[in-house]
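Report on the structure given below.
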Amino acid sequence: MLLRFKRSIVVSLVVLGLSLLMVQSAWSYGHGDTKYSGFKNVIIMIPDGCDETVQTVARWYKGEDLQVDKMDGGGVKVHMANSVIPGSAAAATAFATGHKTTVRFLGVGPRTTDLLTGFTPTAEPYAPVASVIEAAKAAGKSTGIVSTSRVTHATPAAFACHIQDRGMDNEIMEHMVYNNINVVFGGGARHLIPSGNTYTTTFGAEWGGKRTDGEDLMQVLLDRGYRFVDNKDDMAELTSGNVWGLFDDSHMQPDMDRQHFATHEPSLAEMTSKAIELLAQNDNGFCLMVEGSQVDWAGHANDPVYMTRDFIAFDDAVKAACDFADQNPGTLVLAYPDHNTGGMKIGHYYTAMGYTETTIEDLVDPLKGMTITAGGLTRMMGSDTSVANIIATISLYWNIVIDETEAQEILDYDEETGAGLSYSISHVISKNHTAIGWTTHGHNGETVPLWVYGADAPAGIIDNTELALMAADAIGVDLAATTSDLYVDAATAITGTFQLDKTDPENPVLKAGVSEIPMSKDTMKFTGWDWEIELPGLAVYAPETDTVYISEKAAWIINLFN
Ligand SMILES: [Zn+2]
């Protein structure tokens, strides 16, 4: 467990006289029969929407090697079931569960109507498949989810819910709450609170609820023994126990905008360190997923400084995880983007200097002058989008002097494309004042990097589904067996009759004899009895196939009383 890189393994081989195969089976991962094994903890870290380009820009910007630069490297294929260019929900489902799926699907198998040529699904359409977080929980490990987006956003959601539409934040939140994750840090509190209710934060803000099903999930968390915190100081004081820390009603701020708009929010590295501190108290180990959510949004916006700074914030979080791994052998850190976004490149068609004369200053200095994201800049601009105010605000916050022609170019681009003012500012300033080029406001489909700490990276380019198996194998949990335990078709598992009562369309309930199982929860009641039991997994309803999925345990109890 103390061994780390190839060289130290080789040296130890001589000393210990172990066979190469034995060591490789535990520490290497390649195609075929070699796997990771023997790890107590796994930390999965995703900078959403990027590739080596921002890694390179961030390295020059910082002036030194990043944490990810020091890790063992590999590459990952990113296509999803229906497209070469993936969406975040399907990409995350692949590395959370080991199954490729359809755009927008979370933790369920793909539809069959638009599969890529030659692609054969590995999961039934719309059927839930267990994530490595769920498998780790079933094995008695602690689990955690950290993001800078709403925690119901695609990447974190894929680890803790089973829903065919990533836009259903309320339903996703219900799955996440009832999935009994030990530590959750991020944004999105509005989806815990009933519509019409408000939560008053410790820093004086009022967060209005968005839930339309009448459920108060904040209260459910408190009833289940969770602490709830909404600011970084209260988070810092946590020393043990289960906790949800949501620091915004929706998404958290970009890393560089926190100082301007939300000083109560922790950084991604602070959330990661605290999550690790709390989760590591379980002697059985833990599985933690961390997402640098907004690298992707910066890519969508073609905002070079937002992308660079949020990637560095992600890298700081990776450093925190690797520092823990140094102190706690048996910890594997797997970091990788889900896909690239924006097509960021160093070098573009408009560079004034020859490409072989690009200095570090050409690349870095324009970004160093920018003190806020383009989105934050337009927020500072307010409703005055005049040429004069565009010139003044870009000068003030980005330290770039533009003339009236260029300000008009920004307004014209916005007019032509409908991209919005902040996207238009990023586009024109990137083109005219930086060495950074972009190809799209959407995602890209090329292979992305893999960064591994605590073991060798797998040889060659692996598929994103293999990442799920790597994580599961590492900590000795079985995704397929967990799916079989937690998500069986009620029609085959229940021996008697049952029905799905949709009297309350937002809260359907499976009824079989005296047994009642509400959908999207892990609970079970019995008609006429005033007690509730907790089940090992969620009850999931797939409306497209009109199928209910429950755990083997739930079916066993139903059949006992039916
Ligand atoms: Zn993504």
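The values are calculated or read from the model by the stated rules, or taken from the named source; none is laboratory data. Note that this is a predicted model, so its numbers are computed, not measured. Cβ placement follows ideal geometry from the backbone for every residue including glycine, while neighbour counts extend to all protein chains displayed. Please note that ligands, DNA and RNA were not included when accessible areas were found on the heavy atoms of the full protein model with its side chains. Shrake-Rupley method; radii C 1.70, N 1.55, O 1.52, S 1.80 Å.
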Problem set entry | Listed residues Phe95, Thr148, Val132: farthest to the positive end of the dipole of the stretch 87-157 (Cβ charges) | Thr148
Exercise. Can you list residues whose amide H is under 5 Å from Gly75's amide H, if they're 5+ apart or on another chain and H is modeled 1.01 Å from N?
Worked result: Leu450, Ile462
Exercise. Cα gyration tensor of the stretch 178-323, axes a ≥ b ≥ c as square roots of the eigenvalues: rounded (a/c below 1.5), prolate (a/b > b/c) or oblate?
Worked result: oblate
Problem set entry | Rounded to whole Hz, the Karplus (6.51, -1.76, 1.60) HN-Hα couplings of the stretch 409-426, x for glycine and proline | 4, 4, 5, 5, 4, 4, 4, 5, 9, x, 6, x, 5, 5, 4, 5, 4, 4
Problem set entry | Apportionment of accessible area to carbon and sulfur, the chain, percent (1.4 Å) | 51 percent
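In Å², and per residue, what accessible area does the stretch 42-124 have when probed at 1.4 Å with the other protein chains present?
Roughly 33 Å² per residue, with all protein chains present.
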For this session: Pairs of Cα atoms under 8 Å, at least six residues apart: use those to get the relative contact order of the stretch 489-561, whole percent.
Result: 29 percent
For this session: Give the shape of the stretch 489-561 as rounded, prolate or oblate, defined through the alpha-carbon gyration tensor: a ≥ b ≥ c are the square roots of its eigenvalues, a/c under 1.5 means rounded, and otherwise the shape is prolate if a/b is larger than b/c and oblate if not.
Result: rounded
Problem set entry | Accessible area, probe 1.4 Å, largest first, for residues Tyr349, Tyr423, Tyr336, Tyr453 | Tyr349, Tyr423, Tyr453, Tyr336
Exercise. Considering amide H positions built from the backbone, and no H for Pro or chain starts, which residues 5 or more places from Glu291, or on another chain, come under 5 Å of its amide H?
Worked result: Ile46, Val146, Ser147, Thr148
Exercise. So which lysines pass the test for Lys35, namely a Cα distance under 29 Å, with those fewer than 8 places away in the same chain ruled out?
Worked result: Lys6, Lys70, Lys77, Lys100, Lys137, Lys141, Lys319
Exercise. So in the stretch 489-561, what percent of DSSP beta bridges are antiparallel if you round to the nearest 5?
Worked result: 100 percent
Problem set entry | Size of charge dipole - the chain - debye, nearest 20, with Cβ of Lys, Arg +1 and Asp, Glu -1, no other charges | 1380 debye
Seminar exercise, completed: Probe 1.4 Å, heavy atoms of protein chains only: per residue, the accessible area of the stretch 354-434 in Å² is 49 Å²
Exercise. Taking every DSSP beta bridge that has both residues in the chain, what percent is antiparallel when rounded to the nearest 5?
Worked result: 50 percent
For this session: Relative to the longest principal axis of the C-alpha atoms of the chain, give the angle of the C-alpha long axis of helix 464-474, reported between 0 and 90° and rounded to the nearest 10°.
Result: 60 degrees
Exercise. On a 0 to 90 degree scale, rounded to 10, what angle separates helix 6-16 from the longest Cα axis of the chain?
Worked result: 50 degrees
For this session: From largest accessible area down, sort Val333, Val488; use a 1.4 Å probe on the protein chains.
Result: Val488, Val333
Problem set entry | Summed side-chain charge close to Ile46 - residues other than Ile46 whose Cβ falls under 9 Å, Lys, Arg +1, Asp, Glu -1 | -3
